[in-house]
Amino acid sequence: MKLNAYQRQSLRRFLGLYLGSSFLLMGAIALLFFLYEKNALLQNIQQHMQLQANNLAQDIVLEHMEAMPNPFERLSLKHNALAFVLLDARNKVLYKHGFLGGSALVFFGKVKNLPLFLEKEDGFYLVDNKTFGHLGVVTLILQRPKPPHLFAPLYHCILVVLLGACVCVGLIAYGLARLFLKPISDEVARLDRFSKDIAHELNTPIAALLMSAKTLVRHTPQALGVLVSARRIFHLHHQLAYLFMQDLRPDTPSLLDLQALVSQQISAFSDMADFYQIQLTHDLAPKILKALEEDMVTLVSNLLMNALKYTPPKGVVHVRLQGNLSVSNTGQLLSPQSVEHLSERYARGTHSQKGYGIGLDLVSNICAQYHFSLEISTQGDYNVFSVIFPTSTLEA
């Protein structure tokens with residue numbers, strides 16, 4: 001399915017909004033899942049250490065009841081894999097086995113409720129008091145080393161799942177967007193084909209109408225109005241054909257004699273200027289420009305048509321080609337506010353004049369395509385529309 005510029009823009013906006021919100025939601029879910037799994041892992045460590053502490057406390061009670069000598073040594077042999085420390089009622093160390101952390105309760109902060117589980121930088125600690133004073137032990141502290149990459153497998157698992165989910169959501173979103181846009185694309189394609197067919201079918205009768213009007217004027221000068229109307233129809237048809245047939249034009253620019261092209265357009269609009277009693281003057285210097293001929297014809301003809309349309313009878317339209325191209329016309333001067341919006345599609349200088357407001361929009365688009373500058377200003381009694389050519393496009 002081939003998408004046009006507007007459809008591609010709509011697709012990008014939809015995908016950006018859909019995927020952005022989806023990725024944020026999945027990121028939030030991944031974060032919550034990580035916190036849940038991390039808490040579950042810590043709880044599992046705490047439960048395991050609590051079980052070890054209960055076994056150690058039970059053995060302390062048994063050693064006290066058996067009253068055998070060297071009870072602490074037997075405890076260390078039986079629980080050789082544990083790191084623990086035993087404190088008396090004054091928090092003095094009675095015995096320590098494999099314990100590397102701080103043994104004072106100050107190390108754990110203010111202890112209120114036991115058992116207490118703490119996660120420190122060097123390991124996990126469990127403080128308990130279930131010895132009930134047997135063998136003089138009031139408090140026991142267990143230590144478990146903290147692996148350097150304890151949560152690395154969890155990070156890796158969540159990252160892989162998250163990336164996979166993002167890829168799947170992206171593919172599904174793209175497929176759904178293309179599916180939703182297909183009916184619109186088909187309808188646009190149908191309208192595009194219809195518009196191109198209409199523009200093509202109208203080409204021959206409009207050309208014949210223009211030629212007939214020219215022939216009629218030669219024999220009946222009073223029929224000049226018919227020729228002007230035919231010229232306006234031909235110009236409107238040229239605008240529509242230019243819009244609808246853009247994808248069928250060649251893409252390779254060629255060297256154009258801009259002076260000859262502008263002169264031809266002035267001759268084509270001379271009858272219209274005579275009918276409206278407008279003086280059409282020109283000052284043209286040789287100019288070679290690299291561009292598509294259809295683009296330059298559209299640019300020049302729209303500037304001329306726009307100037308003639310807004311020039312009152314007895315007014316003047318002057319075309320100047322001296323390095324750059326400018327078309328000036330007398331009439332109602334443009335306000336600074338209207339100049340800002342004049343090159344927008346369907347905008348018109350004055351609402352009293354008939355027109356479709358697409359001429360200067362085409363001129364603006366062509367200028368943007370070739371990196372020309374379109375400048376609209378007022379100089380004395382003239383509205384001036386200037387096309388500034390960059391140095392890179394000048395061939396002579």
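The values are calculated or read from the model by the stated rules, or taken from the named source; none is laboratory data. Keep in mind it's a predicted model, so treat the numbers as computed, not measured. Methodologically, a virtual Cβ is constructed for each residue, glycine included, from the backbone with ideal geometry; neighbour enumeration extends over all protein chains shown. Side chains included, ligands, DNA and RNA excluded: accessible areas come from the protein's heavy atoms. Shrake-Rupley method; radii C 1.70, N 1.55, O 1.52, S 1.80 Å.
Structural remarks
- Residue order by solvent-accessible surface for SER21, SER386 is SER21, SER386, largest first, with ligands and nucleic acids left out and a 1.4 Å probe.
- Summarising the label geometry, the points placed 7 Å from Cα in the beta-carbon direction at ALA368 and ARG12 lie 1.3 nm from one another.
- Simple spin-label estimate for CYS157 and ASN39 in nanometres, 7 Å along Cα-Cβ: 1.7 nm
- Inter-label distance, GLN58 to ALA28: 4.6 nm, where each label sits 7 Å from its Cα along the C-beta direction.
- Dipole moment magnitude, nearest 20 debye, segment 8-93 about Cα centre, only Lys, Arg, Asp, Glu C-beta charged: 880 debye
- Within the shell of other residues whose beta carbon sits under 13 angstrom from the beta carbon of VAL226, the net charge comes to +3, with Lys and Arg scored +1 and Asp and Glu -1.
- Over all other residues within a Cβ to Cβ distance under 13 Å of VAL138, the charged ones net out to +1, with Lys and Arg as +1 and Asp and Glu as -1.
- With a threshold of 25 Å on the Cα-Cα distance, the over-threshold entries among LYS38/LYS146; LYS92/LYS130; LYS38/LYS96; LYS78/LYS146; LYS78/LYS130; LYS96/LYS146 are LYS38/LYS96.
- Applying 1/(1 + (r/R0)^6) with r as the Cβ-Cβ distance of ALA81 and ILE172 and R0 = 51 angstrom yields a FRET efficiency of 0.50.
- Over 29 Å (Cα to Cα) - which of LYS290/LYS314; LYS214/LYS290; LYS287/LYS309 fall in this group: LYS290/LYS314; LYS214/LYS290
- Note on LEU179/ASP251: beta-carbon distance plugged into 1/(1 + (r/R0)^6) with R0 of 30 Å gives a FRET efficiency of 0.45.
- Solvent-accessible surface of protein heavy atoms, probed at 1.4 angstrom with all chains present, puts CYS367, CYS168 in the order CYS168, CYS367, largest first.
- Förster radius 25 Å - calculated FRET efficiency between GLU66 and LEU100, Cβ distance, rounded to 0.05: 0.25
- Segment 265-332, dipole about Cα centre (Lys/Arg Cβ +1, Asp/Glu Cβ -1), debye to the nearest 20: 240 debye
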